[in-house]
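Have a look at the structure below, then the notes.
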Amino acid sequence: MPDLHPDPYRDAIDEFVLLWGEMATSWGINKTMAQIHALLYAETRPLDTDSIMEKLDISRGNANMNLRNLLQWKLIHKVHFKGQRKDYYTAEKDVWNIVATLIGERQQREIAPILDHLKELYNRFDEENLETEEAQEFKERIKNFIEFLEMFERFTAALLPYINKKNLKFLKQLVKMAEAHKAMTGKDQDRESPQIESETDG
């Protein structure tokens with residue numbers, strides 16, 4: 001079937017796919033997974049596996065594996081057409097949902113395991129009676145790390161449900177409050193900082 005889109009349109013899609021692939025590691029996913037998602041996000045109509053393989057020049061096994069991962073992350077959806085035996089795929093088009101999903105998945109896959117391991121390490125100090133001064137200082141530093149990650153988890157869980165376009169006004173107000181607080185605390189710190197006068201030769 002001939003491509004109905006003009007070349008500049010296809011060039012723009014190709015550039016977007018490459019860009020999204022380069023950003024893959026920042027989102028915690030592999031390059032091919034990111035490129036498939038970018039292609040399905042950019043395309044207006046759903047694509048089947050063969051079309052994805054052709055456009056990205058990847059193997060069927062690679063395509064199927066990454067499509068499964070994208071389905072698990074809920075970044076793409078299957079689409080069925082009457083009379084068609086093939087599975088077609090389309091991406092979540094709401095960028096707010098995409099970002100919220102990526103943040104949530106990274107938190108679950110990366111932050112949560114680290115927090116569990118830190119808790120195990122913290123408990124080991126009591127189990128093995130590590131009571132030297134140095135051990136207790138290190139234990140306190142681990143505790144501080146755990147408290148930070150626990151607060152990060154709570155912050156993420158509380159905020160993610162509000163990351164969507166309908167809450168844009170609320171999010172802007174939240175950012176303004178944070179910026180105002182930062183500006184105020186910055187001024188306070190400037191006032192509290194000792195002023196060092198430079199000496200000039202008379």
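Key figures
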item: Hey, Leu149 part of a helix (DSSP H, G or I), surrounded by 11 or more Cβ atoms within 10 Å (Cβ to Cβ) and in contact (Cβ under 8 Å) with a residue 60 or more places away in the chain or not; result: no
item: Contacts under 6 angstrom Cβ, first residue in segment 65-84 being assigned by TED's automatic domain parsing to the domain that holds Glu43, partner modelled with pLDDT of 90 or more and in a helix (DSSP H, G or I), 6 or more apart; result: Asn66/Thr32; Asn66/Met33; Asn66/Ile36; Asn69/Met33; Leu70/His37; Leu75/His37; Ile76/Leu40; Ile76/Leu70
item: Number of the exception - Met65 against (1) modelled with pLDDT of 95 or more; (2) of a type outside the set (Val, Ile, Thr); (3) within 30 Å of Glu153 (Cβ to Cβ); (4) surrounded by 18 or more Cβ atoms within 10 Å (Cβ to Cβ); result: (4)
item: Subset of segment 59-73 (residues that are of a type in the set (S, T, N, Q) and not in a loop (DSSP other than H, G, I, E, B)); result: Asn62, Asn64, Asn66, Asn69, Gln72
item: Some residue of segment 31-44 being in a helix (DSSP H, G or I), exposed (fewer than 15 other Cβ atoms within 10 Å of the Cβ) and free of Cβ contacts under 8 Å to residues at least 40 places away in the same chain; result: no
item: Output for segment 104-154, where each listed residue is of a type in the set (A, V, I, L, M) and within 30 Å of Lys74 (Cβ to Cβ); result: Ile111, Ala112, Ile114, Leu115, Leu118, Ile146, Leu149, Met151
item: Count - residues of segment 76-106 that are part of a helix (DSSP H, G or I) and either modelled with pLDDT of 90 or more or among the basic types (Lys, Arg) (or both); result: 1
item: Selected residue (criterion: modelled with the lowest pLDDT) from residues of segment 113-131 that are in a helix (DSSP H, G or I), surrounded by 13 or more Cβ atoms within 10 Å (Cβ to Cβ) and not basic (Lys, Arg); result: Phe125
item: Hey, Lys55 at pLDDT 90 or above and under 30 Å from Lys165 (Cα atoms) or not; result: no
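The values are calculated or read from the model by the stated rules, or taken from the named source; none is laboratory data. In this text, all values refer to a predicted model and were calculated from it rather than measured experimentally. So basically every Cβ, Gly included, is an ideal-geometry build from the backbone, and we count neighbours across all protein chains shown.
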